[in-house]
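Inspection log for the structure reproduced underneath, given as structure tokens.
The values are calculated or read from the model by the stated rules, or taken from the named source; none is laboratory data. As the structure is a computational prediction, the values presented were derived from the model and not from experiment. Neighbour counts run over all protein chains shown; Cβ positions are idealised from the backbone, glycine included. Each accessible area value is taken on the protein alone, full model and side chains, heavy atoms only, with ligands, DNA and RNA left out. Shrake-Rupley method; radii C 1.70, N 1.55, O 1.52, S 1.80 Å.
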Amino acid sequence: MDVVKAQQMTGRSVEKVIVHPLVLLSIVDNYNRVARDTRKRVVGVLLGSSAKGTVDVTNSYAVPFEEDEKDPSIWFLDHNYHESMFSMFKRINAKEHVVGWYSTGPKLRENDLDIHALFNDYVPNPVLVIIDVQPKERDIPSKAYYAVEEVKENATQKSQKVFVHVPSEIAAHEVEEIGVEHLLRDVKDTTISTLATEVTSKLAALKGLDARLHEIRGYLNLVIDGKLPLNHEILYHLQDIFNLLPNLNVNELIKAFSVKTNDMMLVIYLSSLIRSVIALHNLINNKMLNKEHEKAEDSKPTAIPSVAGS
């Protein structure tokens, strides 16, 4: 049965959610401490600001949470702990407010709407951000949602809350970028060349594109089979994607793509080759310099200590 949503997609109150690296690090640390190697998930509060439809999540903290795996309706969230923690965070930074909550899902669960309703007491329109702490693909590990009232076409049926997906992205302030760069230096494998890194990134991007195409195909098949309702906005976005695709039947365009790709790969290859030659040249210079120092040390006259006569 088709449904009509009280808030249309074009007039949503939340247009985008920005998650900062500090939040991701805090959530992963919380998960490793509490729920690592288990089927449990961790839940916490998101702090930040909201302006012009954009929710900026700059901080977070964990909240004690328990749920029954067999009965999703049985769960406990320590809101007293949340209130005491928020009062302490507010003393440090009064500009940060509660903007929603997070979960390590990795997907939506049955009791998420009930938990979401609890946060309505602290913020008018909270957001739910699901963080995948063990991603299998190289993609943004966050998915954001907010709740809207869904009104049935049949007036006899009661309206209910449903989650609506919101675009999310990872962004950082300049200070955070410096910290992330220092962390990546420790994680990055220095033995891998720039060319290998570029090829690996290209391969990961192609795998991500392939996964998205399979997801679109699966959605369209479900719509054709009548298992999902027709969503005109999604179809409009798909049509925009197809309109932006280049016409690969034009030989000039194919040749231009090939030439540009080959030029870029040639520059990367030459850069890696020059880098290797310079590194080898510096190594030889260091060895020669060390040998000169050793010769200089050996050529120095050794002082013979004088023996005092008795």
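What to note about this one:
- Checking each residue in region 87-104 for being surrounded by fewer than 17 Cβ atoms within 10 Å (Cβ to Cβ) and either touching a residue at least 12 places away in the same chain (Cβ under 8 Å) or part of a strand (DSSP E or B) (or both) picks out 93, 95, 97.
- Scanning region 103-162 for residues that are aromatic (Phe, Trp, Tyr) and in contact with a Ser or Thr (Cβ under 9 Å, 6 or more places away or on another chain) returns a single hit, 146.
Per-residue answers, yes or no, for (1) out of contact with any Phe, Trp or Tyr (no Cβ under 6 Å at 6 or more places or on another chain); (2) small (Gly, Ala, Ser); (3) modelled with pLDDT of 75 or more:
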site	(1), (2), (3)
183	yes, no, no
193	yes, yes, no
197	yes, no, no
209	yes, no, yes
212	yes, no, yes
220	yes, no, yes
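- Residue count for region 64-81 satisfying the condition of being of a type in the set (A, V, I, L, M) and either out of contact with any helix residue (DSSP H, G or I) (no Cβ under 8 Å at 6 or more places or on another chain) or more than 15 Å from residue 112 (Cα to Cα) (or both): 1.
Yes/no per residue for (1) outside any loop (DSSP other than H, G, I, E, B); (2) aromatic (Phe, Trp, Tyr):
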| site | (1), (2) |
| --- | --- |
| 227 | no, no |
| 236 | yes, yes |
| 239 | yes, no |
| 247 | no, no |
| 253 | yes, no |
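- For region 203-255, filtered to residues that are of a type in the set (Asp, Glu) and within 28 Å of the chain's Cα centre (by Cα), the residue that is least open to solvent (accessible area, probe 1.4 Å) is 233.
Here's the yes/no breakdown for (1) open to solvent by 100 Å² or more (accessible area, probe 1.4 Å); (2) at pLDDT 85 or above:
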| site | (1), (2) |
| --- | --- |
| 257 | yes, yes |
| 265 | no, yes |
| 269 | yes, yes |
| 272 | no, yes |
| 278 | no, yes |
| 283 | no, yes |
| 298 | yes, no |
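- Some residue of region 28-40 being open to solvent by less than 40 Å² (accessible area, probe 1.4 Å), closer than 18 Å to residue 147 by Cα and modelled with pLDDT under 90: no
- Some residue of region 70-81 being closer than 25 Å to residue 148 by Cα, in contact with an Asp or Glu (Cβ under 7 Å, 6 or more places away or on another chain), surrounded by 14 or more Cβ atoms within 10 Å (Cβ to Cβ) and not aliphatic (A, V, I, L, M): yes
- In region 1-27, residue surrounded by the most Cβ atoms within 10 Å (Cβ to Cβ) [restricted to those that are small (Gly, Ala, Ser) and modelled with pLDDT under 90]: 13
- Residue 50, sole failed condition from (1) part of a loop (DSSP other than H, G, I, E, B); (2) touching a strand residue (DSSP E or B) at 6+ places or on another chain (Cβ under 9 Å); (3) of a type outside the set (D, E, K, R); (4) at negative phi: (1)
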